[in-house]
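The values are calculated or read from the model by the stated rules, or taken from the named source; none is laboratory data. No experiment lies behind these values; they were computed from the predicted model shown. Glycine also receives a Cβ, built like all others from the backbone with ideal geometry; neighbour counts cover every protein chain displayed. Ligands, DNA and RNA are excluded from the accessible area calculation, which covers all protein heavy atoms including side chains. Shrake-Rupley method; radii C 1.70, N 1.55, O 1.52, S 1.80 Å.
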Amino acid sequence: MYNYIIAGGGIVGLATAFALKQKKRDLSIIILEKENALATHQTGRNSGVIHSGVYYKPGSIKADLATRGSRSMIEFCREFGIAYEKCGKVIVATDQRELDYLDVLAERGKMNGLSIKRIGKDELNELEPHVNGIAALHVPEAGIVNYREVSEVLANELLKSGVEIAYNNKVTGIVTESENCLIEATGGIFKAEYLINCAGLNSDILAAKSGIELRHRIVPFRGEYYELIPERRYLVKNLIYPVPNPSFPFLGVHFTRMIDGSIHAGPNAVLSLKREGYEKFSFNASDTWSTISYPGFWRLVQRHWQDGFREFYRSISKAEFVKSLQKLIPEISAEDLIPSPSGIRAQALNPDGSLVDDFLIMYEGRSIHVCNAPSPAATASLEIGKKISEYALNLNKLKTVA
């Protein structure tokens, strides 16, 4: 019998257990992880950026937790000796039509407390000599880290504090009783006072199993990356992003210097026909049906079919991918790029076809469900964990779905 069962051993699940233990050391907690290792999906396959919070609407949960989470993540890395770098980023306008939205982002960044600065071509090329741009935003708060390493440190601290981690335990059933939850998993039946669902790509499935009536559905988008060959890494100093299309809910392909010195280029955003389908032709009939049977998906297609086609074409055509990168760095060629592992973004979709724009945490009865936590969830994970822990320790007072 545990106080809390946490489903999912990604960085959000680990950070939640860490926050609970920080508040009450005597809690008994077990993390059920369906894989044989932690952080194998979204956490271990992202670009390693410590996001600043420049893109997110002021006043949103995402903006609040990302800006505070950035500081918390850096403090955590300092405390535990994890390699990180506060290297800054530039958001680059390559066309006059992008300048208005550059100003929108500058205002958002300032409202979110960032020391953001609009710079011209000369200042941009001092920071990134090989970038082609007419103007940019310089965001000094952005940084880089290896979130898999952060997860390993969190796990070690949790084990020291008595938290159990049970691998190869996929949750298959949830039964909520008056005073506890029975969790059926591949490794047996577990019992706890409360359940916290941090299952990422499968969060909506577990929420439905616990009896919550969901309006949204998780739709998986695969992000595909290339990596610069070592001889061409000098083309990128730090983090280089395009001005995003405000009508399309992804940031566009960009350049990221990783903490190990490698340079990644991407990602695109392609519908995945498997929730954990990291290869181009990955397919799962159940996951595909979950997507195409949802009316919101077809409304999304109707709204963004042209953008979707461009993303798909960029997926099958390296030349098209390179062309997108050349808008930022004209010197890039196809020979400079080698394939790098893909990631999957767990994105919640509304019935009207709009993407759930903010973090979404739902609670009811004896369970809490993190139902939408795409990027910048890794950056914000320590703060997300604190927020969930506040809910968890007061769950008997929270009677309705958030």
Is at least one residue of segment 300-320 of a type in the set (D, E, K, R), open to solvent by 50 Å² or more (accessible area, probe 1.4 Å) and closer than 18 Å to LEU206 by Cα? no
Would you pick out the residues in segment 1-45 that are out of contact with any strand residue (DSSP E or B) (no Cβ under 6 Å at 6 or more places or on another chain), outside any helix (DSSP H, G or I), of a type outside the set (Ser, Thr, Tyr) and closer than 30 Å to ILE263 by Cβ? GLY10, GLU35, ALA37, LEU38, ALA39, HIS41, GLN42
Looking only at segment 173-190, which residues are open to solvent by 60 Å² or more (accessible area, probe 1.4 Å) and assigned to a loop (DSSP other than H, G, I, E, B)? GLU177, SER178, GLU179, THR186
For residues that are open to solvent by 30 Å² or more (accessible area, probe 1.4 Å), more than 19 Å from the chain's Cα centre (by Cα), of a type outside the set (D, E, K, R) and under 16 Å from LEU382 (Cβ atoms), tally how many sit in segment 143-167. 1
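Conditions (1) open to solvent by less than 40 Å² (accessible area, probe 1.4 Å); (2) part of a loop (DSSP other than H, G, I, E, B), marked per residue:
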site: LEU325; (1), (2): yes, no
site: ILE329; (1), (2): yes, yes
site: GLY343; (1), (2): yes, no
site: TYR363; (1), (2): yes, no
site: LYS387; (1), (2): no, no
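Yes/no matrix, rows are residues, columns are (1) open to solvent by less than 20 Å² (accessible area, probe 1.4 Å); (2) more than 20 Å from the chain's Cα centre (by Cα); (3) more than 26 Å from THR172 (Cα to Cα); (4) not aliphatic (A, V, I, L, M):
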| residue | (1), (2), (3), (4) |
| --- | --- |
| LYS23 | no, yes, yes, yes |
| LYS57 | no, no, yes, yes |
| ASP64 | no, no, yes, yes |
| VAL92 | yes, yes, yes, no |
Taking the conditions exactly as written (of a type in the set (Asp, Glu) and more than 19 Å from the chain's Cα centre (by Cα)), does GLU224 satisfy them or not? no
Which listed residue, of SER272, SER286, is small (Gly, Ala, Ser), modelled with pLDDT of 95 or more and touching a Ser or Thr at 6+ places or on another chain (Cβ under 8 Å): SER272
Being over 26 Å from ARG71 (Cα atoms) and touching a helix residue (DSSP H, G or I) at 6+ places or on another chain (Cβ under 8 Å) is the filter; apply it to segment 94-131 and report the residue that is surrounded by the fewest Cβ atoms within 10 Å (Cβ to Cβ). HIS130
